[in-house]
Every structure is written in C-alpha cells, then in structure tokens.
Amino acid sequence: MTIDNASERYAALDLGSNSFHLLLAEFRDQRMVRLHTDRAMVRLAEGLDDERRLDSAVADRALEALRRFGPVVQDLPIEHVRVVGTNTLRAAADNADGFLEAAESILGVPIEIISGIEEARLIYSGVMAAAEGAPRLRCVVDIGGGSTELVRGVEAPKVLQSLGMGCVAFTKRYFASGKIDAGKHNHFVRARRAAQAELQELQHMADDALVMGASGTVKSVARVVNGGELDPIRREDIDALADKVAACKSMDKLNLPNLDPQRRPVFAAGLAILHAIFRELNIQEMHVSPYAIREGIVHDLAGRLHGGDRRAESVRTMMEHGQVDLGQAGRVAETALEFLGQLDPHAPLSQRRLLQWAADLHEVGLALSHASFRKLGAFMIEHADLAGFGKSEQENLAYLVRNQRGDIKAVREHYGFHPSNDLLLCLRLACIVHRDHIDRSIDQLQLSADGPGYHLKVPGEWIYQYPAIEDLLALEVECWDVKNIKLKLSIQ
C-alpha cells in the first residue's frame with residue numbers, strides 16, 4: 001500500500017461493549033501518526049437485557065459520548081471514516097435500529113456491525129502496525145467488554161477466534177452482586193473456570209509464538225503488576241494478582257495500585273478471563289501492544305483508498321473457491337456498471353463496488369447446485385467470514401445475488417440493509433443480456449429513470465438479433481410490476 005498524500009487523515013471509531021474509542025490519524029512517509037484519541041467508558045453491554053434489547057439510559061449515555069466525538073469525524077470525507085460496532089451491537093442488531101439511526105444522525109457516517117472474526121482481523125492488523133523486528137509467529141489476545149479475540153499468524157492472520165466472553169458480560173454474569181469471595185462461592189474462581197471452558201481446544205494458539213495483548217483489560221493488568229508501566233505481564237505476577245483479587249470479599253475492597261477507577265467495576269472479570277488464558281494456553285509472558293482495533297481500522301481505510309481493499313481480496317478468494325467462470329463474471333460486471341452509469345452517472349463508489357462484487361459472485365452457487373444456485377450463493381455470501389465486510393454489506397450483496405433473476409423476493413429492511421432497486425435492476429439486466437455467456441455490447445441500449453420507475457430503450461435492429469432477450473425483457477417488466485415499480489420497455 002502506497003499513500004501518496006502524506007497528510008491524508010483518517011478517523012476510526014470503535015463502539016465497543018465496554019468503551020467507545022476514537023482515533024484520528026494520518027500517514028507521514030508511510031508511517032501512521034496518531035493525532036488525537038478519545039475514550040468514553042459507556043459499558044454498552046450493561047444495558048443489554050435477556051431479550052437483547054438496549055436499555056434507554058445506557059443508550060442515552062452512548063449517544064452523549066458520540067456527540068463529543070461527532071465534530072472530529074464530521075470534518076473528514078466520509079470515505080476516510082469508519083465506525084464499527086462489535087459484540088454488544090452484534091447481539092442487539094435486530095432490536096437496535098432506533099439507537100443506530102440516532103447514532104448515525106449524530107456522527108453523519110454509517111455504522112458497520114462487524115463479525116467477531118472481522119473484529120479479530122482488525123485487531124491483528126492494528127497490533128502488527130506497531131510490531132517491530134523481523135516477522136515471526138505471534139499470538140494476539142484482546143479482551144473486550146463482550147467478547148475475547150485470539151489470533152495466530154505471522155505477517156497476516158492464519159487462525160482467528162472470537163469467544164463470547166468479555167469483562168462487562170462476565171461482570172454481569174458473575175459479579176453483579178459486587179461480591180468476589182462469598183464464602184461457599186468464589187465468583188472469581190467461577191468466572192475463571194468458565195473462561196477456561198471457553199478456551200478448550202485452543203491451547204495451540206500460543207505454541208512457539210510471541211504472545212501480545214491489546215486493549216483495556218491487558219493494559220490495566222500490566223499497569224497494576226508493573227508499577228504503572230506497560231511492561232510485559234509475567235506468569236508469576238498475574239498468578240499472584242489473581243490470588244489477591246480472588247481473596248477479596250467485594251469489588252469495593254479492591255485496593256490495587258495504578259488501577260484506573262473507571263476500570264475498577266469490570267477489573268475482576270477481565271482479570272479472570274486473562275488469567276484463564278495464561279493458564280489454559282500455558283503462557284509465561286505476554287507483551288503489551290500500544291495499538292489495537294482502532295489502528296487496524298485506520299490501516300484498512302487507507303488500504304481501501306490506495307489499492308489494498310481487503311474486501312476485493314475476499315471476493316476473489318470466494319470466486320476461486322466457488323470455481324466461478326471469470327469470463328462470465330467479467331462481462332456481467334462490465335454491463336451492469338455500464339447500465340448504472342446510464343442510470344446514475346454520479347453513483348457513489350460504494351454503490352459501484354457493491355454492484356461489481358455482486359456481478360463477480362452472481363454464479364458462486366453453481367459449484368453446489370444448478371437449480372438452487374442463487375439461493376445457495378446468497379446464503380454463502382451472507383454467512384461467510386468475508387474479511388473487510390460489515391454485516392450490512394454482506395446482506396446487501398447476498399440480496400443482489402439472490403434476486404439476480406426470477407421473482408424479486410420481499411425482505412424486511414432494517415438499519416444498514418436497504419436494498420437498492422437501481423443496483424438490482426442493473427444486475428438483472430446484465431444477466432439477461434449475457435444469459436447465454438456471450439459477449440454482447442449494449443452501446444445502443446439506454447436505461448434511465450422515469451419518475452419512480454425506469455425506462456429501457458432498445459433499438460429494434462438490436463433486439464431482432466436476439467429474440468430470446470426480448471422475451472426475457474418482457475418477463476422482467478412483469479417482475480417489477482409485481483413490486484409496483486414500472487419498468488417501461490421501448491423497442492424502437
């Protein structure tokens with residue numbers, strides 16, 4: 001990745017389960033420089049009830065934090081900003097439309113809900129941005145408010161894991177009463193055992209690797225055991241600290257040096273998870289990274305704008321695994337984009353990319369079934385771990401692939417998932433033009449908006465050469481009519 005503009009600035013905002021973190025950075029001589037950071041201890045996971053609904057008081061607390069961050073991100077081009085929601089917003093996604101819409105209104109940029117595996121990838125990218133020395137095998141650990149990510153790799157991640165345990169979630173589950181050692185029940189020991197159970201079969205993650213920890217829990221423990229410094233955490237030190245915390249009667253009795261008061265309510269839970277990781281993975285020393293997911297997001301943003309878009313790599317990989325006909329994918333993509341150019345010459349890059357990737361993957365399901373390839377392709381896209389993609393991007397991409405021909409399926413729209421009729425029509429028309437896998441020019445065709453509907457003009461000489469296409473276009477008019485959208489077909 002080469003960044004030509006040395007002063008190009010980016011903003012990353014991580015809407016975590018425990019805290020929200022903002023980073024403003026720029027690249028100077030290919031090196032990332034952090035210009036401004038901000039943090040709000042929101043504890044979003046505290047507000048999630050058993051039905052995965054977000055408490056209004058916690059939501060208001062979160063929105064107030066975003067009002068503070070807003071001016072920083074609003075000064076940048078939208079393509080230079082990425083806001084991601086992690087574990088708690090993943091869990092609440094079906095019930096959080098109101099909160100997400102209010103948050104987007106404050107920030108002026110969309111919020112992406114990312115998968116645990118995408119979160120792990122971004123964490124690893126951030127940690128690697130600060131890594132020094134020759135490439136070597138690393139194991140990266142990040143304990144968040146709602147989930148814990150473990151990644152093993154060298155220059156790129158090889159094994160990524162996201163586990164459903166975090167310092168806020170475990171505080172709610174094991175320390176809600178404020179008690180630690182309650183006599184018959186030691187809540188710290190129970191939390192540690194639960195974390196070790198989650199880590200079963202992952203003992204290999206740290207084998208022969210330099211172990212690095214990132215984010216709040218790891219940094220807090222490092223400061224407590226190292227006199228306020230972010231020096232490596234040694235096994236004997238965390239063992240002693242765990243014994244000390246487990247012997248405390250209650251959270252308010254925790255009297256630890258260099259512990260941030262804001263971190264105190266979730267410290268015991270975070271320590272229990274970290275100690276479980278040390279024990280289960282047989283870690284003797286963990287180095288502390290100054291970087292984490294925010295820095296990974298910034299590097300990802302810069303890559304998108306300078307030829308290193310991870311999403312494009314994910315699409316190429318899926319095409320390879322699905323044995324996609326590259327010639328057909330290419331001709332459908334070219335024609336679909338040409339139709340979009342006629343319909344909306346100023347279509348944003350994000351829309352053009354989505355249409356390109358939908359065309360690239362429109363036949364990915366053929367490797368599994370000819371009869372159900374659209375349904376299977378859409379399922380694969382929506383549920384795959386596609387590095388670089390947010391949840392809503394995958395849903396929109398899957399929708400296009402599912403509806404590339406035939407009846408247009410009705411869907412429930414929600415935050416981030418708003419299917420585009422423009423993109424769908426352009427893809428469907430391109431698939432009709434190239435249904436027989438033949439190169440065919442559409443220079444003589446003209447697609448335009450016609451009020452709330454569309455108008456496709458086709459020269460009679462052109463359609464006379466391809467009578468099968470005329471029949472398919474007539475059926476296309478009927479399909480859109482069922483959706484109460486008029487597609488006018490003029491053969492001239």
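Give the peptides 385-398, 109-122 in descending order of average Cβ contacts within 10 Å, highest first. Mind dumping the intermediate values first?
Numbers: 385-398: 21.6, 109-122: 23.7.
Top to bottom by mean Cβ count within 10 Å: 109-122, 385-398.
How are the C-alpha pair distances of the stretch 387-456 spread across 10 Å bins, as whole percents from the shortest bin up?
16, 42, 32, 10
With θ set to phi - 60°, apply the Karplus curve 6.51 cos²θ - 1.76 cosθ + 1.60 along the stretch 332-345 and write out the HN-Hα couplings as whole Hz, x wherever there is a Gly or Pro.
The phi angles translate into 5, 4, 4, 5, 4, 5, 5, 4, 5, x, 5, 6, 8, x Hz.
What ³J(HN,Hα) values, in whole Hz, does the Karplus curve 6.51 cos²θ - 1.76 cosθ + 1.60 give for the stretch 362-367 when θ = phi - 60°, with x put for Gly and Pro?
Working through the residues one at a time gives 5, 10, 5, x, 5, 5 Hz.
Largest first, please: the extent of the C-alpha atoms of the stretch 309-491 along each principal axis, to the nearest Å.
Dimensions of the stretch 309-491 along the principal axes of its Cα atoms: 45, 34, 30 Å.
Which far-off residues, 5 or more places away or on another chain, put their amide H under 5 Å from the one on residue 8, with H placed in the peptide plane?
Answer set, sorted by chain and number: 27.
What is the local net charge at residue 248, summed over the other residues whose Cβ is closer than 15 Å to its Cβ (Lys, Arg +1; Asp, Glu -1)?
Local net charge: +4.
I need to check one value: relative contact order of the stretch 15-70, counting alpha carbon pairs closer than 8 Å and at least 6 residues apart, in percent. Kindly include the intermediate steps, with their values, before the conclusion.
Values: 71 pairs, mean separation 16.7, N = 56.
Here the relative contact order equals 30 percent.
Report the relative contact order of the stretch 309-491, percent, no decimals, based on alpha-carbon pairs under 8 angstrom and at least 6 residues apart. Provide the component values of the computation, followed by the final result.
Working: 241 pairs, mean separation 38.1, N = 183.
The value is 21 percent.
Over 23 Å between C-alpha atoms is what I'm after, so list which of 184/253; 391/486; 409/486 land there. Before the final figure, lay out the partial values.
Working: 184/253 19 Å; 391/486 31 Å; 409/486 17 Å.
With Cα atoms farther than 23 Å apart: 391/486.
Label-point separation (nm) for residue 104 and residue 413, each offset 7 Å from Cα along Cα-to-Cβ?
1.0
Among the aspartates and glutamates, which have Cα under 12 Å from the Cα of residue 249 when same-chain residues fewer than 8 positions away are ignored?
181
How would 317, 335, 86 line up from fewest to most surrounding beta-carbon atoms within 10 angstrom?
Numbers: 317 13, 335 24, 86 29.
The order, fewest Cβ neighbours first, is 317, 335, 86.
Please say if the stretch 321-397 is rounded, prolate or oblate, where rounded means a/c under 1.5 for a ≥ b ≥ c the square roots of the C-alpha gyration tensor eigenvalues, and otherwise the choice is prolate for a/b larger than b/c and oblate otherwise? If you can, show how the numbers build up before the last one.
Values: a/c = 2.31, a/b = 1.36, b/c = 1.70.
It comes out oblate by the Cα gyration axes.
Per-residue counts of other Cβ atoms within 10 Å, averaged by peptide: what ranking do you get for 339-350, 260-271, 43-54, highest first? Let's see the in-between values first.
On the way: 339-350: 14.9, 260-271: 21.1, 43-54: 18.5.
Put in order of decreasing packing, that is 260-271, 43-54, 339-350.
In nm², what is the average projected area of the convex hull enclosing the Cα atoms of the stretch 131-289? Show your work: numbers first, answer last.
Working: hull surface 34.6 nm².
Taking a quarter of the hull surface, the average projection is 8.6 nm².
Counting only other residues whose beta carbon sits under 15 Å from that of residue 431, what net charge do I get with K and R as +1, D and E as -1? The partial results should precede the final answer.
Values: positive: 331, 374, 402, 405, 428, 435, 440; negative: 325, 334, 338, 360, 363, 407, 436, 439, 471, 476.
Here the charged neighbours net out to -3.
What FRET efficiency comes out for the pair residue 51/residue 230, r = Cβ-Cβ distance, R0 = 30 Å, nearest 0.05?
Numbers: r = 39 Å, r/R0 = 1.31.
Efficiency computed from Cβ-Cβ geometry: 0.15.
Per residue of the stretch 243-260, what does 6.51 cos²θ - 1.76 cosθ + 1.60 with θ = phi - 60° give for ³J(HN,Hα)? Whole Hz please, x for Gly and Pro, Karplus curve as stated.
Residue by residue, the stretch 243-260 yields 4, 5, 5, 4, 7, 6, 6, 8, 4, 6, 8, 5, 10, 10, x, 6, 8, 4 Hz.
Rounded to two decimals, what is the ratio between the C-alpha radius of gyration of the stretch 260-357 and 2.2 N^0.38 Å?
Details: Rg = 22.5 Å, N = 98, 2.2 N^0.38 = 12.6 Å.
After normalising by residue count via 2.2 N^0.38 Å, the value is 1.79.
Please report the net charge: other residues with Cβ closer than 10 Å to the Cβ of residue 284, K and R +1, D and E -1. Don't skip to the answer; put the middle values down first.
Details: positive: 234, 235; negative: 236, 285.
Here the count lands on 0.
Taking amide hydrogens as modeled 1.01 Å from N in the peptide plane, which residues meet the under 5 Å criterion relative to residue 144, leaving out close sequence neighbours?
Here the answer is 149, 167, since their amide H atoms fall under 5 Å of that of residue 144.
Which one of 164, 222, 150 is farthest out on the positive end of the charge dipole of the stretch 131-289, using unit charges on Cβ (Lys, Arg +1; Asp, Glu -1) and the Cα centre as origin?
Selected residue: 164.
Work out the FRET efficiency for residue 368 and residue 313 from their Cβ-Cβ distance, taking R0 = 22 Å, and round it to the nearest 0.05.
Calculated transfer efficiency: 0.45.
In the chain, how does Rg compare with the Kirkwood Rh, expressed as the Rg/Rh ratio over alpha carbon atoms?
Working: Rg = 25.7 Å, Rh = 24.7 Å.
Over the Cα atoms of the chain, Rg/Rh equals 1.04.
Using just the helices of the chain, give the 222 nm mean residue ellipticity in deg cm²/dmol: DSSP H runs with n ≥ 4 each add -39,500 (n - 2.57), and the total is spread over all residues, rounded to 500.
Working: 18 runs with 224 residues, N = 492.
For the chain, the value works out to -14500 deg cm²/dmol.
For residue 132, project a label point 7 Å along Cα to C-beta. Then give me every residue of the stretch 289-314 with its amide nitrogen under 18 Å of that point.
Counting backbone N atoms under 18 Å from the label point, the list is 289-292.
Only the coordinates and a few stated rules stand behind these numbers; no lab work does. As the structure is a prediction and not an experimental result, all values here were calculated from the model. No Cβ is skipped: glycine too gets one built from the backbone with ideal geometry, and neighbour counts run over all protein chains shown.
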